[in-house]
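In what follows, a structure is listed as structure tokens, so that the remarks can point back to it.
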């Protein structure tokens, strides 16, 4: 039996340089015109951290302590295919009379899911991205299942960048190549919103998720995304984008609090487990630590 492979899209977000300021390059129907508009708007800025428009501020020393813990599950018409694959493999092992070592219940629940943790504080940023799959054994032990975790934990402050690969536990420490910044922060532009609505997106609907306000947008095919709207004064945008996709990685400018794929489609469901604002900073958890079977 071949071990299933999941394409986890962990992107090492460079918090300390202009990579954060680049326009994302997804290609979806009707998106080209919006990309051209966004690129033109960004060319008018002088650097990666210009003065923000419409009263918003770029994220800087005024930003409060923020912690967001989110869970993501990849679904195909509402079904977790990765978990279903494990269950089918386990059933085949048992029916075939092979010696079998199944995963524990909590481990099975992690299959086909990811966890994103984001810390923001004055002078510090950290992102931890974990995703879980499973693996068959080899040879006579082919039915000895194990849980796999991949991802990374990156921490940045004004003096260092630390990245831990959660698959290999390899740690990389370097000096930031630029001051901490999360890029320009603009309120949604009327022209941009007009383009979004022309493509068939509807919104925003004001909602509350995990005790925080968010703007929900619905795609033409029925996927919904709710973007945190409580941080515009610190540089977090509410500008709508395409359907949420885990493979794009954590966006430091735009915090999605809830996302639901359209029915009868393949997509990623996102839910926010915890959102804390101005709580005491847990530096021990913010700093990279080794991967665990159930997450940090």
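FYI, it's all coordinate maths here, none of it is from the lab. Computed from a predicted model, the values in this text were never measured in an experiment. Here Cβ is always computed from backbone atoms with ideal geometry, including for glycine, and neighbour counts include all displayed protein chains.
So the values come out like this:
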| item | result |
| --- | --- |
| Lone qualifier among 284, 242 - being without any contact (Cβ under 8 Å) to a residue 40 or more places away in the chain, more than 20 Å from residue 78 (Cβ to Cβ) and not in a strand (DSSP E or B) | 284 |
| Residues located in segment 223-239, provided they are touching a strand residue (DSSP E or B) at 6+ places or on another chain (Cβ under 9 Å) and either surrounded by fewer than 21 Cβ atoms within 10 Å (Cβ to Cβ) or in a loop (DSSP other than H, G, I, E, B) (or both) | 223, 224, 229, 230, 231, 234, 236, 237, 238, 239 |
| Count - residues of segment 125-145 that are more than 27 Å from the chain's Cα centre (by Cα) and either within 12 Å of residue 102 (Cα to Cα) or touching a residue at least 60 places away in the same chain (Cβ under 8 Å) (or both) | 7 |
| Residue within segment 166-186 that is under 28 Å from residue 79 (Cα atoms) and touching a residue at least 24 places away in the same chain (Cβ under 8 Å) present | yes |
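Listed here are the residues, each with its yes/no results for (1) over 30 Å from residue 141 (Cα atoms); (2) touching a residue at least 40 places away in the same chain (Cβ under 8 Å); (3) buried (at least 19 other Cβ atoms within 10 Å of the Cβ); (4) within 21 Å of the chain's Cα centre (by Cα).
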{"site": "63", "(1), (2), (3), (4)": "yes, yes, yes, yes"}
{"site": "66", "(1), (2), (3), (4)": "yes, yes, yes, yes"}
{"site": "70", "(1), (2), (3), (4)": "yes, yes, yes, yes"}
{"site": "74", "(1), (2), (3), (4)": "no, yes, yes, yes"}
{"site": "80", "(1), (2), (3), (4)": "no, no, no, yes"}
{"site": "91", "(1), (2), (3), (4)": "no, no, no, no"}
{"site": "97", "(1), (2), (3), (4)": "no, no, no, no"}
{"site": "114", "(1), (2), (3), (4)": "no, yes, yes, yes"}
